[in-house]
Structures are given as C-alpha cells and as structure tokens.
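Q: One structure, pasted below without further comment.
The values are calculated or read from the model by the stated rules, or taken from the named source; none is laboratory data. Keep in mind that what you see is a predicted model, and the values were worked out from it rather than measured. Backbone-built Cβ (ideal geometry, glycine too); neighbour counts: all protein chains shown.
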Amino acid sequence: MKAASFQYYAPTSIADVVALMAEHSDAGIRILAGGQSLVPTMAYRLARPAHLIDINRIAGLDQITDHGEFLEIGALVRHEGFAANRLPARLGAILAHIANHIAHRPIRARGTFCGSLAHADPASEWCLVAATLEAELIAESARGVRTISSADYFRGIMSTALEDDEFLTSVRIRRPADDTLFGFFEYSRRHGDFALAASLVSFQLTAGLMQNVRLGLGGVEDYPRRLAEVESLLEGQSPSAAVFTRAGDLAAQHVNPSAADVDYRIELVKTVVERALQHANETT
Amino acid sequence: MNKQPGQYFGQPLQRLEDQPLVRGQGCFAADISFPYQLHMRVVRSDHAHGRILSIDTSAAAALPGVVAIWTADDVADIPPIDFREGSVEKLAPFRQHILAQGKVRYVGDPVAVVFATDAYLAEDAADLVRVDIEELVPLLSADDAPQEFSPGLLTEATICSQGYGDVEAAFKQAHAIVELDLSIGRHTGVPLETRGAIGRYDAARDVLELHGAAKVPHRNRESLAKMLSRSTTSLHLYEGHVGGGFGVRGEIYPEDVLVLVAALRFNRPVKWIEDRREHLMATNHSRQQHHRIRAAVDANGLLLGIENEVWHDQGAYIRTHGTRIADMTCGILPYPYKVPAYQADLHFRLTNKTPAATYRAPGRYEANFVRERLLDAIAIRLGLSRIEVRRRNLIRQEEMPYEAPLMALGEHIVLDSGDYEGLLDKSLASIKCVELEAEVAARKANGELVGLGLAMFVEKSGLGPTDGARINVDSSGTVEVVTGGASVGQGFETVMAQVCAETLGVAYTKIRVVHGRTDRIEYGIGAHASRATVMTANATREAALLVRKKALTVAAELLQTPEDQLDIANGIVFRPSQPQGPSISLGEIAQRLRPLSPNRGDHIPGLCAEGWFNTDHQVYPYGVFIALARIDPGTGAVIVERIQIAYEIGRAINPMLVKGQIMGGFAQGLGGALLEEFRYDDRGQPLCLTFADYLMPTLLDVPPVEILLCEDAPSPCNPLGIKGAGESGIAAAGAVIASAVEDALGLPGVIRSLPITPHMIKDILRKSSGTPVEMCP
C-alpha cells in the first residue's frame, strides 16, 4: 500500500493547473484536493496517475458564494464548510444536515464538495445533491470554460462528463424558492459509511399540496438520479404517510440496483424514499 | 485472603503506560529502524488454489535498489513453522512453509519476497514479479466433502472428539429432543497496528534480533531458534509498543522468519511492515464453524445429554496453535450447565482460505453462541422462560470445585469456584429485569420489533503451570520488575506495578516494569489466554515478598528494631508504633547492599529477588450478558440499545482496566455478531480487503456497556484470588445479541448464524410476512 511513482505539482493558479492538464492529460493526471478517496486508491495502486496536481495552494477556491440566484461552491470547499451556516436558511440547513452524514469528522475536514463530484462515487451524498437539485458544474481547461448540467454530468460508476484535461473549478446550485422544503434519509451499516441507499427530496406546499417535487436516489444505481415517475406521483398530492408509502413502492419499481444484493437494495429504496419524504414533511 | 481493597489493590489507578502514548512518543513496529536496513515486500498468490508453474523475477531484479528476490528454492533449508506446543505427527504435513512450495493454497499465500533499499521500491519490484499459476478448483467450505490435500492426505486433517457418559441412553429416555443447525462467520481480531518484523544480525556479538515481537516472545524464541538451528541465547526478541494483539498478533508467521533469515544472509537489518490489505488476507482468521447440535431434555427442561457435530474451517494451513481452538470448542461447550452425557466430534478441515487460529475467546465465542442458542430453543420448546431453563441446569455452588470430564488447553477442566445462579440473580436485579420485560412488552404491543437476550458463559483463564519475575531496587529507590510477560496494550505494566507496590510498600509510580524482552529474563509466558494477571502478577507478588523480607531484615539490623515491628510505606522502612522515629529508605538499603559496600555484612549483594508462582489448574471466571435490541424493519438494521455484562473476576487488581477489557471485548463481539465477516467469491477471491468491506464497529456503533463487576468467588488456585478478564467482554456477545434479535423478531429459531446482517433480517421479515409469534420472556 505504497503509491506507485508519480510527479507532484503544487501550482498557485487555475491557469497553471489547466496548462499542466493540457500538457499531461495523455499520461494520466489527477487533481488532489482533499485526497480522501484518491489517496487510498493510489495507496492500493488502483489509481496510478503519472502526474498529481495539488490545488490546495490556489487562493480563492475555498469559498461558498451566494450569487442570489445560485450558490457557487469552489473546488476547495471542504465538507465541513457547510456546517458554518451563512447560507440561505432551508437550503443551508439541508446541506449542513447532509454534510454531517459524510464519513467522519477528520474526513469532513479534508474532503471537498467538488472532489466528491469529480470522483462520482454512486453513494456520494454530494452527487445526490447535484443530481436532485439544479446544479451546474464549471469545467475549465486550456480550451476554455464550459458549464455541464448535472443531468448530463454522470455517465457511470465513477465516470463523468469531465474530460481528461478539465478541472472542475466550482459547482453552482440554483437557489430554490425560499419556501421549499427538503428531506434527506440514508442508510449505511455503520455510521459514516457510504450509503447503501439515500434519497433527497424537495417540494413546496401550495394550499397544502406538493408542488415542484424533486426526488433523487443515490447509492443504488451506477449514479444518482431523479425519479421522474415518483415526482409525478407526488406532484399535486397532499403529503401523508399513505402517499409517502406509495412513493416508496413506486420508486422501488423503477430502480435497477447495480449491487449484487438486488432484492435487499430494492427494499431499502422504499424505506429511504419514504423517510426522506417524512423528513421533509416534518420540517413544515 | 484479604479481600479489602488496598492502597493499590482494587484501585482504578491511571495507566503508567499512557504518558508516551498520548504524547505521540510510543514506539511501534513501524517506528523501529536501523541504519543500512533493507525493506522486504511479500509477493502473494492471487489464486486461492493452484500449482506454481514458474516465477519470473527478472524484471523486478533489474530495478535499481533491488538487492535480492527469493522464492521457495532459496529457503528450502528452513523447515515449516511448527506448533507451539510441540510437533504432532499427524498434523505436521499441513504446516505452512515460509514461501509456498509448488502449490498455493489461499489468496495471500507468500510465493516470493523482494528485498530493496526502499519500501516503495520494494513494492514496485514486487508488482513486477510474474507468477504463473495453473489454477485448481478451490475448496471453500468445511461443509463440502474433503479433497486431496497432498498425495495420500485429505483436507480433513483430523477429527477432534471429546465426550463422556451414555449419550445414546440419554436420547432414548428424552422427553424432547431439540436440534439446531448453527454457524459462525469467519472474522478475526484486527488490531489497528498491523504486524511488523525487523530482523537484525549483530555479527560482532553473534546475536540475531527480532524487533516487533508481541504476545509470546519467549515461546517464539524457542520455536525460531529451532527453525534457524541457533541457540536460544543467541536469538533475542524485543517487544515495543503494541497496537492491539487479540490473539492474532505475535504468533510466528512466514514474514517473521523471512526477516531473520535475510538479516543473517545479508548481514543487514531487514524491515517488513504489513499493510492493511495484506493484513486482511495474511494474518490469522478465526471463528468459522458449523455446528449441528442436539440436546435431550426431560419434561422439566433438564439436560440429559448433548451431541454435537462440528465442521471447523481451518483455512489453508495449520498454524502455530494446532487444533487448540477445536479442542477448546468441544471442551468448554457444556458450561455453566450440568450435562450428564456429552459427545462432540469436530471435523478439522482445511480449505483454500486464509489460515485460521486464535482470536480473543477462541472456541468460546463459538461454543457460547451454539450452547446458548440451544438453551433458548429448549425454553421455547418446553414453554419455559429463558431464565428458568438456565437456572434449572446450572452447576450449583455446593458442587464446586466441579471436576469436568473434559479437557481445555491440555488440562482437565476443574471449575474452581463460583455461584452461577447467584450471579444470574444479581444480574437480573441490576438491570431491573421485571420492569425491563414490562417495558419491552409494552413496546412490542406498540408494534416495535424489540427484544431481550440472555446468555451465560464460563471463561477460562490463567493457564499455568509456572511463571517467574525478578525485582530489583536501585539506590535511588526505583523498583524494576522484570517479567516474561507481554503487553499488547492491556495495561500490563500498571497491573504489575500495582501488585508490586502493594506487596513491597512503594508508590506504584516508582516502579518500572519490563516485559517482552528475552534478553532480560530467560523465561516467560507472554500475554495470551487471559493469563498475564493470574500468572505474572502472582509471580511478581512472590518476588516482591522476598524483596520485602530482605529489606526488613537489613533494616531491622540498622534500626535496631525487631523485623516484626517494621513496615514499609512509600519506599520507607519505619516503625509504625513510632512514626517519627528512625527510618530508612529502600534506596539506602539498596546502597548498603551493593557488592562493594562496606556495610553489606554477610548479605548477598543487591536488594533483589526472583519469585516463582506455580499452579495446578486454570481458573474459571464466568458471566451473564443481558441485551436489549431493536430492529428497524425498514432497513433490517439491528440496534443494540442496552448491554449489561455481569462478570465474576475473583479479585480485580485495577477495576478500571478490567472494565476497559470488558468494553473493548464487547465492541469486538458486536462486530462479529452484526458486521464483521470475511466473504469470498466462488473462486476463493477474498471480498473484504479494505475497511470499507470488512466492517468493524466504531465508537459510534457500540452502545455504552453496563458492567457489573463481582468479586464474590475468588479463585482458590492463587493467593490473590484472581481470575482473568481479557476475553470476558467478547465471550458471549454473539450469543446474547442472537438471543435478543430473535426475541425482537418474535420468530423462534430464525437466528441460526452470525453475523446477523440487515439483509438477513429483511429476508426473515419478508418470509414471515409480518406475523410475529409470541415468545416466552
């Protein structure tokens, strides 16, 4: 468990990063932000990048910026950065709540939001957030800057739309209406493990009926996604235990678990969807 | 025997060991380095079973900095690793060579070693070693028919049997026969510090050294000296800080031998530090057994006889313990109950998995699970409460000492002392069982899946027959206790210091305890089988009594006072009747006893003594576990809400450390009950080689452990009345959690295996279609 040999760089600007990536993208190049997934993978020699770019010396990437219409999360914002709550009330509260489900405190102090998205573990909480809410990913390269919608971003297990020479500099989350309610539930066998199933839901209540329902599921399929069928079922309904159970059942019918324990995962889907909805309803 | 707590006995004193550990000044195996050292990397088999066709080391050897690469031919002169308790002819062919000869038998089997000037480089080179293996069909279950191990030998190495009485007659006259098919998963002790071994040859003194030793340095020295054809006096083992042992660390493995052979041949220090991935495939596994047990009972639920057939999954080779776990499983299984007729037959079978050996409470974790499942099943069958069926079958206080016609660790079992029913009653009272049962009933009525579990067990501890210690007081008054014990993190130094302090009359902080070093004392038993406090503490007491006697004799002359009017406190000999009168410190006495001291008189030089403690029998502590568990029907998760462990310790030298042992043991037991399992695919590839796949409970996953520590039945086998504690917290953890989960499900007989996974619970809930059956409390 000693990493294979690699060349290490510690640039101080985004321009330097993208220049290095342009130069070495064919030889295997990785960005080191928090390193909480990458470093163990390198130690196991499952990842053997020839070049490693440590971005921790680049100033200004560690900010969450409230642009009014959206929040912009820089490439060095750590998981624990969401705990310090200067974000819009309900969105900030759910992001802080979710951050606390990520691994353990030392990991939260190092690992980053954008790093989680670049790594794209199927069970990553932040990937579920990006998939469920409206997120845009900002990828820079020597070729320029482009914006990738979260709907187009995930391609498979730990596989994304990022090109080998692209650096994910920030992620923008569209700020939902202030009366939006959020709910989240995940299950893992131990505290802090990657979830076996997780669900994030958001909706508004208009005259007691659910509107603009977004319901995402993570940890079960190759990557997190919204479940359109379940959203349609819930849209316009009055929230109730019976409706939530129906939503869970419907979700279970529309998932294709990639894990070996298919039956178990499908049952878990019911539970996490139902409980995420309950969680949202309890915040009213 | 004085049961009163003393100034040091029975006190929850802080650990002497902690200062360097909490300041980052500990010295673990990886912290040890010597100038000019080489790093060793093991090339391991990627196949569970196969024939080695060729090993190509040319690319690896070409890397600059690679000094040598060895395969089996290079170490053909080294015999396989032997059993600690001596050779057993029948089992000898199943021993492991330090590098695989001709065949590989598990994923992780060492096939070659690389020596290089840098650890990274050694790993780079190991990656380049090409091992061509013709894959053979692996044998992955002890339940499957035995295959050929080698020409003329089957993978069923032996059958271990123990028994007595007329079992057939017992079953003939039975009112009911209860039969269960039970299994325990493959898991093991996983110390946070992986193994490490640093070999060093000092040619100037012709001494070979092994650093990174643990657990049993003296016994290992004997085995290693024999393997390497050296005298024991020219081979020394050194134990530094040890980050957990749990039975697996400190046994002799191929890597320990390889660094020694290499240090000798290269005349350079050779360092090997195991990584986590290696650890999970190379260090001993444990526990995996399948039991088919039957009990014959009369109409009152009294046991008439037990018959048990066991399949023990030993893995690829038989390591240093031989069949010890198997023998222990069969020997300890009936207790604490009286079983008039008993027969256990265990198929000791090799498979193509990591070899298995002892892990904290070996044989007992398994046997306790099996026996207590059986008692629960009998209770259900006869409509008795789980408490009552146990109460009726317990061995009674007046029957102690109870001579059992079975063997454990090569000795006849004699249960030395105990009031099993008394501890059961104390345990039930302490947890307020009546109220708790009512609370559980109310929650069940409210639709919750919640239940109570009960498990009783008898531990064994303090295997003799003999241990010694040497105590010396220097002229500063500092006391050095030299033992052949070992510290795997359990607080060994503190406990020995407490015993010496109390006996001799010095502050425990003035005592330095030496352990784990073969160059300081000729013999030692190390730290295993919960024996250090029983054996080494009693030996320390013997030595301290002799030093005390000598100090008083010398002081009596100097102070012109009869010996029997003197006492020692805080290292000062004084006359209690005249506290302000003349006194002398132990340091001054030591000064006068120096060989060249003009005041020494006829005394033998030195304020020092060697003491020995002998015992005929092990001691048998015992305990009662009660658990409250809840099931989340949505996820299948088991949440242990409460756990109470009542434990009879005889006498606790340091109750804080005893409680620490119990809590830590329970955490591991919970792991084996709910989380930890080495899984393999159908080609024998291990699926749990990281901490993301091999799930150990963290602090967040373990409930607070309520401990009821009792000192009601001191052992008559040693003057301090001590019984061991090291394995108590884990012993019946699997048993009690299984009992509580089954009660929570309300479905008798559904929990038949460990670990109990959420997946398994969901399957049970789906199949039962939500119709719980009422169980007796």
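Q: So, in the stretch A:233-251, how many residues would count as being out of contact with any Asp or Glu (no Cβ under 7 Å at 6 or more places or on another chain) and more than 15 Å from A:Met210 (Cα to Cα)?
A: So the count comes out to 2.
Q: From the residues in the stretch B:120-163 that are surrounded by fewer than 18 Cβ atoms within 10 Å (Cβ to Cβ) and closer than 30 Å to B:Val270 by Cβ, which one is farthest from the other protein chains (Cβ to nearest Cβ)?
A: So the residue we want is B:Asp132.
Q: When residues of the stretch B:255-287 are filtered for being assigned to a helix (DSSP H, G or I), more than 14 Å from chain A (Cβ to nearest Cβ) and either hydrophobic (A, V, I, L, M, F, W, C) or buried (at least 22 other Cβ atoms within 10 Å of the Cβ) (or both), how many remain?
A: The qualifying residues number 11.
Q: Separate question: Of all the residues that make up the stretch B:91-106, how many are surrounded by fewer than 18 Cβ atoms within 10 Å (Cβ to Cβ) and aromatic (Phe, Trp, Tyr)?
A: Residues flagged as surrounded by fewer than 18 Cβ atoms within 10 Å (Cβ to Cβ) and aromatic (Phe, Trp, Tyr) within the stretch B:91-106 amount to 0.
Q: Taking the stretch A:1-27 as the search range and keeping residues that are within 14 Å of chain B (Cβ to nearest Cβ) and of a type in the set (Phe, Trp, Tyr), which one is surrounded by the most Cβ atoms within 10 Å (Cβ to Cβ)?
A: For the stretch A:1-27, the residue satisfying everything is A:Phe6.
Q: Turning to a different aspect of this structure: Any chance the stretch B:199-212 includes a residue that's among the small types (Gly, Ala, Ser) and assigned to a strand (DSSP E or B)?
A: Yes - at least one qualifying residue is present in the stretch B:199-212.
Q: Going by the conditions given, is B:Gly489 surrounded by fewer than 24 Cβ atoms within 10 Å (Cβ to Cβ) and assigned to a loop (DSSP other than H, G, I, E, B)?
A: Criteria met by B:Gly489.
Q: Test each condition in (1) in contact (Cβ under 8 Å) with a residue 40 or more places away in the chain; (2) farther than 30 Å from B:Tyr164 by Cα for B:Arg390 and report the one that comes out false.
A: It fails just one condition, (2).
Q: Something else about it: Just for the stretch A:41-92: of the residues that are outside any loop (DSSP other than H, G, I, E, B) and within 20 Å of A:Ser141 (Cβ to Cβ), which one is nearest to the other protein chains (Cβ to nearest Cβ)?
A: So, considering only residues that are outside any loop (DSSP other than H, G, I, E, B) and within 20 Å of A:Ser141 (Cβ to Cβ), the one nearest to the other protein chains (Cβ to nearest Cβ) is A:Leu52.
Q: Return the residues of the stretch B:146-184 that are in a loop (DSSP other than H, G, I, E, B) and in contact with a Ser or Thr (Cβ under 9 Å, 6 or more places away or on another chain); say none if nothing qualifies.
A: Of everything in the stretch B:146-184, those that are in a loop (DSSP other than H, G, I, E, B) and in contact with a Ser or Thr (Cβ under 9 Å, 6 or more places away or on another chain) turn out to be B:Pro146, B:Gln147, B:Thr155.
Q: Here is a check on your reading of the model: is B:Asp693 within 27 Å of B:Ser45 (Cβ to Cβ) and more than 10 Å from chain A (Cβ to nearest Cβ)?
A: Yes.
Q: What's the number of the only condition in (1) β-branched (Val, Ile, Thr); (2) surrounded by fewer than 24 Cβ atoms within 10 Å (Cβ to Cβ); (3) part of a loop (DSSP other than H, G, I, E, B) that B:Thr509 fails to meet?
A: Only one criterion in (1) β-branched (Val, Ile, Thr); (2) surrounded by fewer than 24 Cβ atoms within 10 Å (Cβ to Cβ); (3) part of a loop (DSSP other than H, G, I, E, B) is unmet by B:Thr509, namely (3).
Q: Looking for something buried (at least 17 other Cβ atoms within 10 Å of the Cβ), within 20 Å of B:Ala692 (Cβ to Cβ) and within 14 Å of chain B (Cβ to nearest Cβ) - is there at least one such residue anywhere in the stretch A:28-36?
A: yes
Q: In the stretch B:12-71, what residues are in a loop (DSSP other than H, G, I, E, B) and under 29 Å from B:Tyr317 (Cα atoms)?
A: B:Phe28, B:Ser45, B:Asp46, B:His47, B:Ala48, B:His49, B:Thr57
Q: With among the acidic types (Asp, Glu), within 13 Å of chain A (Cβ to nearest Cβ) and under 28 Å from B:Lys432 (Cα atoms) as the only criterion, which of B:Asp682, B:Asp701 stands out?
A: Only one candidate qualifies: B:Asp701.
Q: Which of the strands (runs of 3 or more DSSP E) contained wholly in the stretch A:178-284 include at least 2 residues that are buried (at least 24 other Cβ atoms within 10 Å of the Cβ), of a type outside the set (D, E, K, R) and within 14 Å of chain B (Cβ to nearest Cβ)?
A: Because the criterion is at least 2 residues that are buried (at least 24 other Cβ atoms within 10 Å of the Cβ), of a type outside the set (D, E, K, R) and within 14 Å of chain B (Cβ to nearest Cβ), the strands (runs of 3 or more DSSP E) in the stretch A:178-284 that meet it are A:197-206.
Q: Now for a different question. Those residues that are among the aliphatic types (A, V, I, L, M) and either surrounded by fewer than 16 Cβ atoms within 10 Å (Cβ to Cβ) or touching a Pro at 6+ places or on another chain (Cβ under 6 Å) (or both), I need them from the stretch B:64-90; list them, please.
A: The answer is B:Ala76, and nothing else.
Q: Of B:Ala441, B:Ala497, B:Ala455, which residue is at pLDDT 95 or above and surrounded by fewer than 24 Cβ atoms within 10 Å (Cβ to Cβ)?
A: Matching residue, one of B:Ala441, B:Ala497, B:Ala455: B:Ala441.
Q: Then there is this: Tell me, which helices (runs of 4 or more DSSP H) wholly within the stretch B:649-748 include 1 or more residues that are more than 21 Å from B:Val458 (Cα to Cα) and assigned by TED's automatic domain parsing to the domain that holds B:Val370?
A: Counting at least 1 such residues, we get B:655-670, B:733-745.
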